[in-house]
Amino acid sequence: MKRLGVNIDHVATLRNARGGLHPNPLFVAKEAMKFGADSITIHLREDRRHIKDNDLKKLSKAKIPLNLEIACNFKMMKIAIKNNPNFVCLVPEKRQEITTEGGLNLAKYYKKIELIIKKLNNKKIRTSLFINPTIKDIIYSKKINANCVEIHTGRLSDLIKKKKNYLTELNKIKKCAYFADSIGLEVHAGHGMDYKTTEILSKVNEIKEFNIGHFIIGEAVSIGLKRVIKKIKKNIKN
């Protein structure tokens, strides 16, 4: 059974817009789990633009499978180890970006990422690397000794939404997913996905987990969190 991770970053974005306590990310996380999510994802950015340290602390103490996305630096690594989430995904991060724009540069930061992954693995935290759909990055991920790769699906999602030919990009993801699975890396997918994208990617048997945030939280404003999660889960069900 394929799994769904619900990213609740933008629940915190809404809360922070008014500076109060509502909506409450912990409450929404618990509701998402009740409605069928398999895990909750949060990205603790260095500028704390949405999720705050206190959110991480509360979610880590709750009985919720938590996937923490962090930038590749030792300060964030120490925060992760202190809070001990179930899973950690290393992602590229630039202060000026609106959202994550691509996968990690594994060639450039190989040694640093390898050390961070080693320390997280030693703490029995499942580790993942957010990568572009390239065979080269799959090979690097295996050498780095990550447990999983999360393939960036942003370009595919954009092509699908714009009703452009997406088959070349989809085939890249398929080849990477097959290769990663064949060498013992668990394959996840994330970024920009909606109903149509998840329906298409659900046919890729090697993808075991989908992490979706902006679309789910945005759609929930219109039709409710329960209905969105139910529809996404139906799409990814094998």
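K174 - would you say it is part of a helix (DSSP H, G or I) and not aliphatic (A, V, I, L, M)?
Answer is yes for this residue.
Looking at (1) more than 18 Å from the chain's Cα centre (by Cα); (2) part of a loop (DSSP other than H, G, I, E, B), which is the only condition A146 fails?
All conditions pass for A146, except number (1).
Quick one: in segment 192-217, which of the residues that are of a type in the set (A, V, I, L, M) and open to solvent by less than 10 Å² (accessible area, probe 1.4 Å) is farthest from S39 (Cα to Cα)?
In this case the residue turns out to be V204.
Of these, G20, G36, G5, which one is more than 28 Å from K208 (Cβ to Cβ) and of a type in the set (G, A, S)?
Result of the check over G20, G36, G5: G20.
Just checking, does segment 198-212 include any residue being small (G, A, S) and over 30 Å from K119 (Cβ atoms)?
yes
In segment 157-171, which residue that is without any contact (Cβ under 8 Å) to a residue 40 or more places away in the chain and outside any loop (DSSP other than H, G, I, E, B) is nearest to V228 (Cα to Cα)?
This residue is K161.
If I filter segment 1-32 down to residues being within 22 Å of T197 (Cα to Cα) and over 13 Å from the mean Cα position of the chain (by Cα), which single residue comes out as most open to solvent (accessible area, probe 1.4 Å)?
Going through the qualifying residues, I end up with M1.
For segment 44-61, enumerate the residues that are touching a strand residue (DSSP E or B) at 6+ places or on another chain (Cβ under 9 Å) and exposed (fewer than 14 other Cβ atoms within 10 Å of the Cβ).
Correct list: E46 only.
Only one residue in I70, I51, I40 is in a loop (DSSP other than H, G, I, E, B) and either of a type outside the set (K, R) or over 21 Å from S157 (Cα atoms) (or both), so which one is that?
Unique residue meeting the criteria: I51.
State whether one or more residues within segment 141-156 are without any contact (Cβ under 8 Å) to a residue 24 or more places away in the chain and crowded, with 16+ Cβ neighbours inside 10 Å.
Yes: one or more hits.
Could you grab me the full set of residues in segment 223-232 that are out of contact with any Lys or Arg (no Cβ under 9 Å at 6 or more places or on another chain) and either closer than 24 Å to L68 by Cα or crowded, with 19+ Cβ neighbours inside 10 Å (or both)?
Listed by number, the residues that qualify are L225, V228, I229, K230, I232.
If you go through segment 79-87 one residue at a time, do you hit one that is touching an Asp or Glu at 6+ places or on another chain (Cβ under 9 Å) and open to solvent by less than 10 Å² (accessible area, probe 1.4 Å)?
no
Going through A220, A177, A189 one at a time, which residue ends up being surrounded by 14 or more Cβ atoms within 10 Å (Cβ to Cβ) and more than 28 Å from I117 (Cβ to Cβ)?
Result of the check over A220, A177, A189: A220.
The values are calculated or read from the model by the stated rules, or taken from the named source; none is laboratory data. Because the structure is a prediction, the values reported are computed rather than measured. FYI the Cβ positions are ideal-geometry reconstructions off the backbone, even for glycines, and counts take in every protein chain you see. Just the protein is used for accessible areas: all its heavy atoms, side chains included, with ligands, DNA and RNA removed. Shrake-Rupley method; radii C 1.70, N 1.55, O 1.52, S 1.80 Å.
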